[in-house]
Amino acid sequence: MDDLRQAILDYVRREYLEEDDDRPLTESTRLISGGIVDSFSMVSLKRFLERKCDLKIPDADATPEAFDTVDSIAALVERLSAVKA
C-alpha cells in the first residue's frame, strides 16, 4: 500500500470511526455507500486531501462515486496531481 492510500485510511479511521468500531477498513471498503462517510464528512475529507497533496479538487470531481473507496479517492488525487505537474 502506498503512502497516499495509508494516509487516507488513517484519516478515515481517526475522523469517522469510533474507537470500538471493529469494521474492517481496506482500500476497497465502501465509505459513502457503506455509511462511514456522509456528505458533510466528504467535504472535510476533500479539504484534508487538498491540504495534504497541495492541490485543488474541483467540486465537479468530488462526487460520491469518486469518494466511495480509498482506491477511488487515491485515483482521483493521482489523476489531478498528474494534471497539475
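Rule-based calculations on the coordinates, nothing more; no lab input. None of these values were measured; they are calculated from a predicted model. Every residue, glycine among them, receives a Cβ derived from its backbone with ideal geometry; neighbour counts consider all protein chains shown.
Under the combined filter of DSSP loop state and at most 13 neighbouring Cβ atoms within 10 Å, the chain retains these GluC sites (Glu not before Pro): GLU18, GLU19, GLU65. Here the simple spin-label model places points 7 Å from the Cα toward Cβ, and for LYS52 and GLU15 these points are separated by 0.8 nm.
Under a GNM of the chain (C-alpha, springs under 10 Å), which listed residue has the highest mean-square fluctuation: ARG14, ARG47, ARG30? Highest fluctuation of the listed residues: ARG14. Normalised Debye scattering of the chain at q = 0.25 Å⁻¹ gives log10 I(q)/I(0) of -1.41, counting only Cα atoms as equal scatterers and leaving out solvent.
Which of the listed residues, ALA75, ILE32, VAL12, is farthest toward the dipole's positive end in the range 12-85, when Lys, Arg count +1 and Asp, Glu count -1 at the beta-carbon? So the residue we want is ALA75.
Close amide H contacts of LEU25 (hydrogens built in the peptide plane, cut-off under 5 Å, sequence separation of 5 or more or a different chain): none are found.
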